[in-house]
Structures are given as C-alpha cells and as structure tokens.
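This report concerns only the one structure given below.
The values are calculated or read from the model by the stated rules, or taken from the named source; none is laboratory data. Because the structure is predicted, anything quoted here is derived from the model rather than measured. Cβ sites come from the backbone with ideal geometry, for glycine too, and all protein chains shown count toward neighbours. Protein only, heavy atoms only, side chains kept; ligands, DNA and RNA dropped before computing areas. Shrake-Rupley method; radii C 1.70, N 1.55, O 1.52, S 1.80 Å.
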Amino acid sequence: MRRKPVELLVAEGGHGEGGELRRSLGLWQLTMISIGATLGTGIFVVLGEAVPDAGPAVVVSFIIAGLTALFSALSYAELAGTIPVAGSSYSYAYATMGELVAWVCGWCLLLEYGVSVAAVAVGWGQYIDELLHGTLGVTLPQALSAPPGDGGLFNVPALLVVVLAMAFLLGGARESARANTVMVAVKVVALLLFCAVAATGVRAGNYQPFMPLGMAGVSAAGATLFFSYIGFDAASTAGEEAKDPQRDLPRAILLSLVLVTALYCLVAAVAVGATPWQHFEGSEAALSGILHSVTGQGFWPTLLAFGAVVAIASVVLTVLYGQTRILFAMSRDGLVPSVFSKVDPRSGSPRANTVIVSAFCGLLAAAVPLGRLADATSIGTLFAFGLVNVAVIVLRRTRPDMRRTFRVPLSPLFPLAGLGLCLWMMFSLDAVTWQVFGLWMAVGAVVYFGYGMRRSRLRTAPDGTAAAAGPKSASTEE
C-alpha cells in the first residue's frame, strides 16, 4: 500500500539509467500525439457497425461517445498538469492509491497498448492490400498477409509497420513527433477530401427517418463508438519530454478530443447523407464504398486507402511510443527489469526498451491470431480510465494545497460520472472478454508478488531515501 510522493515522481522526471529523456515537445506536438493515437482505424471501419443501430443519428452517437470520453479526459488533464511524468495513469495511481493499485493499472496499460499495437498493425496490412489492388492491380499472397490459424504463415505487413515505427522512435522523441505530425496531417486531409467528394452525393432524403431505431439505437451505437476515442491519453505518457508539461499537457488532451470529435461528426454526417443508412450493414470499408458509389471511379477509394495506411501507421507509432514510456516509468520504480529505463545519451530515448517492445508487438501481430485477446484491450483501457477518475478525487482530498494548472469542474461529480460510465461500459462487455482479462490479471499478480514487490525502489531504497519516499511519507500524506 506504499505510495510514491508526488514530489519524488516529479523530481525523477526525465531521469533514466545512463541518461535523460529530452524535453523537446511543445503543445502542437503533444496534441498531434493524442490525435495520432486516436484518429485511425475507428473512423475508417466503425461506421459499418454503428450506422445500422443509429441510422442518420449516428452523428448524435458520436457526440454522446465524445461526452463520455470527456469526463475521463478532464481527469487526465488535471492529473497530467499536476503530475507531469511518463507513466500516465500508472504514476497517478502510484501517488494516490498505492503500489499494488499502480501495478494493476500499469499491467492494464501494457495490455491496452501492447495488444492494440498488434491489432492495429494487422489492420494496416489489410489496407496495404487494398492500396496495392487499386494502384497496381495486385494483392499480397494469403501466406504472407495473415498469421497461422487465419489462413497464412506470417503477416509480413503487420511486422513491417511496427519496424518502421520502431525506426522513428529510435531517433528520439522530437523526430518521432515530426513524423507523426506529417502523418496526422495526411490522414486529416484524406478525411476532409472524403467529405468534399462525398458531399456531392448528399441527398436530404437520406437523413429520414433521422432516428429509425429510437434513442435505444443511438445509445447502443454510442457505446460502440466510445472505443474510437481511446488514445486521447497518449499525450500524458510524454510528460517527461514536454517543454512545459504543466501548461501544455492539459491543453493537448482536451484540444485533441475536441478536434477528433468535430472531425468524426463531420465525416459521419456526410457519409449518412451520401448513402442510405440501410446500406451500411456489414460494411467494413464504408468510406471507400461511399466514394466509389458517388463517383463511380476507383481513384478516390484508392486515395482514401492511402490515407488509411498513413492513419494506421500513425496510430502504431504513437501507441508504441506510449507503451515504451509506461514501461520506462515502471522500470525506474523497480517493478520491471532495469533494461526498460536505460536511456541512450545520444538520442535521449530508451533504445533497448523500444527494440524489445517493438519486437514483441511485431511478432505478436505477425504470428499470433489475436481473436478475443484484442477485445480485452477495451476492458483494460476502461479500467485505467476509471482509476484516473478515482485518483483525481483522492489527490484533491490528500493534497488540496498542490498547484493545479487545470481543475476538473464540479469535482467530485464529474470524476464520479466518469468512473460510473467506465464501469457501465466494462460490464457491457461479454463474458469471454472478462475471462481473458481475469487471466491477464492473474499473470500480473504472479509477476508483481514474485518480482515487482520485492524489487520496488520504495522498498529497497537506502534508509534515508526510504524515509523520504516510503510508507512513512505515505502515512504522513494520509
């Protein structure tokens, strides 16, 4: 139950084994990291699942999902400005609820980031096939574009996109941020281009009836669409590489959520206006199909496929970045091996960490059918979001005097609402997802009690440091 004082968390910011992370990211780059991690496969494939439930009112569903995400985003914004460190919700839990809860949160984040990188990389391969078919008239052989169990031998494109992301990350945070900014610009332009072209086919009659399945359908679609917003917290993992984290992190988190919501609603409004809502049933590439039906040409769907390839590559890059920084923070605390916190003094990045994580995620994507394991990323994410909402309430009570560059309005009402919505969505997931999550938590318990608890820096530090950073300080805070 030992807690790590906020002052110690902040003082350690940027420090690793053999070097320090470089503070090179401003508000623009941080915002692009959040958008890069959020705006990807969701908007390119999610309409085919959500529109049959909501009809033209899918725009309202996007707004509902965005408001749901906003409650947790407000909590993230307050804590990111108060505790600007690399560990995101793991570090927030360590400072407020103790080491065991922090470990559980960090273990959930490893599931969220690691498996989602692999799942998104698999989706990248599918769009590469579509792009090759549209430009060269060829497709990759099944043996090289799917893992064993899904009809192939090895998913080469999935491994390739992870290796490309790793190459950018090894160059340092600034170089990775520049590459991500370019990719975000490409995918935003691609979606705006879709809106401009598809708008020529908009018919007023397609918006009627606006809510064919009633509010129940709109709510069901909103629950599905919530997962299109997962990733807005990626900026909080950059707390130790931001130039002015206390000012810029809260702004980046909230700004990215607003921009993504606006773009989602614009794309959805044009899409349902250009195609009758009944035609979305079973469509996995709804946007490409709309462009083809509106223009009758293959050029525009191919161009959109290029945008999707860039969009998904951006998601892989930013989510892989978040994964390495969370492991960096956990390693510095002694809960995972020290190799993950070693910093290359030349690039200012955790090179060994990046290579190990990239190799694991790349091989997972290329050789393992993810199946239900990918669904477990949702429950892990929601669990971490819920803990962040609790952490805001706890820190307000235990450290009311701390400087906060952003404060959640109407606390504790808004954090409690965020917690309640996360729990509601967790319990709406199926039994198999809960079983996978329970198995992952059991493995995490073995790792923590067998390794992390014994090697925790708060436990093994010399007496002077332990006195300042250990249970005694925690009890003083309480």
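Full extension of the chain between F154 and V138 gives 3.9 nm of extra length, using 0.36 nm per residue less the Cα-Cα distance. Each residue of the range 163-179 was assigned a 3J(HN,Hα) from its phi angle through the Karplus curve 6.51 cos²θ - 1.76 cosθ + 1.60 (θ = phi - 60°); the sequence is 5, 4, 4, 4, 4, 5, 5, 5, x, x, 5, 5, 5, 5, 5, 5, 4 Hz, with glycine and proline shown as x. The angle between the Cα long axis of helix 299-332 and the longest principal axis of the Cα atoms of the chain comes to about 10 degrees, rounded to the nearest 10. Remark: relative contact order (the chain) = 33 percent; criterion is Cα-Cα distance under 8 angstrom and separation of 6 or more residues.
Can you give the Rg to Rh ratio of the range 369-444, both from alpha-carbon atoms, with Rh computed by the Kirkwood formula? Answer for the range 369-444: 1.11. Surface calculation, 1.4 Å probe, protein heavy atoms: R247 sits at approximately 110 Å² accessible. When restricted to Cα atoms, the range 1-74 yields an Rg and a Dmax of 19.4, 56 Å, respectively. For the range 230-297, the calculated P(r), taken from all Cα-Cα distances in 10 Å bins from zero up to the bin holding the longest distance, is 18, 32, 20, 19, 11, 0 percent. Near S349, the amide H atoms lying under 5 Å from its own belong to D344; only residues 5 or more places off or on other chains count, and H is placed 1.01 Å from N. When the range 1-83 is described by a simple charge dipole with +1 on each Lys and Arg Cβ and -1 on each Asp and Glu Cβ, the residue from G66, V6, G40 located farthest towards its positive end is V6.
Here the range 68-114 has an Rg and Dmax of 10.7, 28 Å, counting Cα atoms alone. Provide Rg over Rh for the range 39-155; use the alpha carbon set for both Rg and the Kirkwood Rh (inverse mean inverse pair distance). Radius of gyration over Kirkwood radius for the range 39-155 works out to 1.10.
Over all Cα pairs of the chain, how is the pair count split among 20 Å bins, expressed in % and running from 0 up to the last occupied bin? In order of increasing distance, the bins hold 25, 58, 17, 1 percent. With the convex hull drawn over the C-alpha atoms of the range 99-241, the volume per residue is 215 Å³. At q = 0.14, 0.15, 0.18, 0.23 Å⁻¹ the log10 of I(q)/I(0) for the range 325-421 amounts to -0.84, -0.91, -1.01, -1.09, computed by Debye summation with a single uniform scatterer per C-alpha, solvent ignored. Between L164 and L193, the contour length at 0.36 nm per residue exceeds the Cα-Cα span by 7.8 nm.
Between the alpha-carbon centres of the range 170-206 and the range 134-164 there is a gap of 24 Å.
Taking the C-alpha atoms only, the angle from helix 27-38 to the longest principal axis of the chain is near 60 degrees. Determine the distance separating the Cα centre of the range 375-448 from the Cα centre of the range 1-67; give it in Å without decimals. The range 375-448 and the range 1-67 have Cα centres spaced 15 Å from each other. Put a plus charge on the Cβ of each Lys and Arg, a minus charge on the Cβ of each Asp and Glu, and nothing anywhere else: the dipole of the range 97-241 about its Cα centre is then about 480 debye. Measuring nothing but protein heavy atoms, the accessible surface of the range 251-397 at 1.4 Å probe radius is 67 percent carbon and sulfur. Note on the chain: dipole from Cβ charges, positive end direction compared against P147, L423, Q278; the farthest Cα belongs to L423. Taken about its Cα centre, the chain carries a charge dipole of roughly 1200 debye when the Cβ of each Lys and Arg holds +1 and the Cβ of each Asp and Glu holds -1.
Volume per residue of the convex hull around the Cα atoms, evaluated for the range 263-303, comes out as 75 Å³.
Solvent-accessible surface (1.4 Å probe) assigned to H292 amounts to roughly 100 Å². Rounding to the nearest 10 and keeping the result within 0 to 90°, find how far the Cα-based axis of helix 372-398 lies from the longest principal axis of the chain. The answer is roughly 50 degrees.
Specify the inter-centroid distance of the range 300-358 and the range 234-264, based on alpha-carbon positions, in whole Å. Computed from Cα coordinates, the inter-centre distance equals 17 Å. Close Lys pairs in the chain (alpha-carbon distance under 30 Å; sequence gap of 8 or more, or different chains): 6.
Once backbone amide H atoms are built at 1.01 Å from N, G16 has L21 as its partners under 5 Å, excluding neighbours fewer than 5 places away on the same chain. Computed extension length for F210-F427: 75.2 nm, one decimal, from 0.36 nm per residue of separation with the Cα-Cα distance subtracted.
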